[in-house]
Amino acid sequence: MILEVVKYGTPVLRKKGEPVPAITPAIRQLVADMFETMYAHKGVGLAAQQVGQALQVTVLDVRGVTDRPSTIAINGQEADVAALMPLVLINPEIQPLGVEVKGPEGCLSFPEIFGEITRPENVDVRAVNIDGKEISFRAGGLLARAVQHEYDHLQGLLFIDRMDKKTRDELRPELDDLQLETKELLKRR
């Protein structure tokens, strides 16, 4: 089922996700719905907060992006990114690594708003997958950026929090309009 993607100004986007103690049928359904929602909106990642659930759950799939390559290594060995997609990360822990690089980011909770964000170029990830198994890998490129973006969501952080002041100031009118529109919508519910 395609879920509503909540927009900037919705309080749940600022909530840190609760750890998921077990892979229940409800969590499996949430993950399936999150993938359907992410694909419907042509995203590469989606965090539970973005569909109104303050949980440590995110889904990712970078296969559709060809102009921004991704890398993944498991136990130090390069692996085929496409073969490991789609990814479910439950209760993830990350360790950003490497030099910081600027890159474009958008967010399904901020329609049509984009900015250059500086993030480390690689990230080590440990999480539980949908089968309840622990997984660990090192991501690079777009996948590293997407993992860090979604991890931030799970901590109640938004990509605008990572923007430099100049970019945020340039986007201020659009951000204020979106936040006001969201708050008005929430009042009517």
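The values are calculated or read from the model by the stated rules, or taken from the named source; none is laboratory data. Computed from a predicted structure; not experimentally measured. Note that we place each Cβ from the backbone using ideal geometry, even for glycine, and neighbour counts take in every protein chain shown.
List of remarks:
- On the stretch given as segment 152-167, residues that are free of Cβ contacts under 8 Å to residues at least 40 places away in the same chain and either more than 20 Å from P120 (Cβ to Cβ) or part of a helix (DSSP H, G or I) (or both) total 4.
- Which listed residue, of V51, V65, is β-branched (V, I, T) and within 20 Å of R14 (Cα to Cα): V51
Rundown of residues vs (1) under 28 Å from L186 (Cβ atoms); (2) part of a loop (DSSP other than H, G, I, E, B); (3) in contact (Cβ under 8 Å) with a residue 24 or more places away in the chain, yes/no style:
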position: K16; (1), (2), (3): yes, yes, yes
position: M34; (1), (2), (3): yes, no, yes
position: T66; (1), (2), (3): no, yes, no
position: V101; (1), (2), (3): no, no, no
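- Here V101 fulfils each of the conditions (1) surrounded by 14 or more Cβ atoms within 10 Å (Cβ to Cβ); (2) farther than 14 Å from R145 by Cβ; (3) of a type in the set (V, I, T); (4) out of contact with any helix residue (DSSP H, G or I) (no Cβ under 8 Å at 6 or more places or on another chain) apart from (2).
- Residue selected from segment 32-66 under the condition touching a helix residue (DSSP H, G or I) at 6+ places or on another chain (Cβ under 9 Å) and acidic (D, E), by the criterion nearest to V123 (Cα to Cα): D61
- Scanning segment 1-14 for residues that are in a helix (DSSP H, G or I), touching a residue at least 12 places away in the same chain (Cβ under 8 Å) and over 14 Å from L55 (Cβ atoms) turns up just one, R14.
- Near pairs, Cβ below 7 angstrom, 6+ apart or cross-chain, from segment 77-92 (assigned to a helix (DSSP H, G or I)) to any residue that is not β-branched (V, I, T): A82/R63
- Meets criteria (assigned to a helix (DSSP H, G or I) and either surrounded by fewer than 17 Cβ atoms within 10 Å (Cβ to Cβ) or at pLDDT 95 or above (or both)) for Q53: no
- Residue within segment 112-127 that is over 20 Å from Q50 (Cβ atoms), assigned to a loop (DSSP other than H, G, I, E, B) and acidic (D, E) present: no
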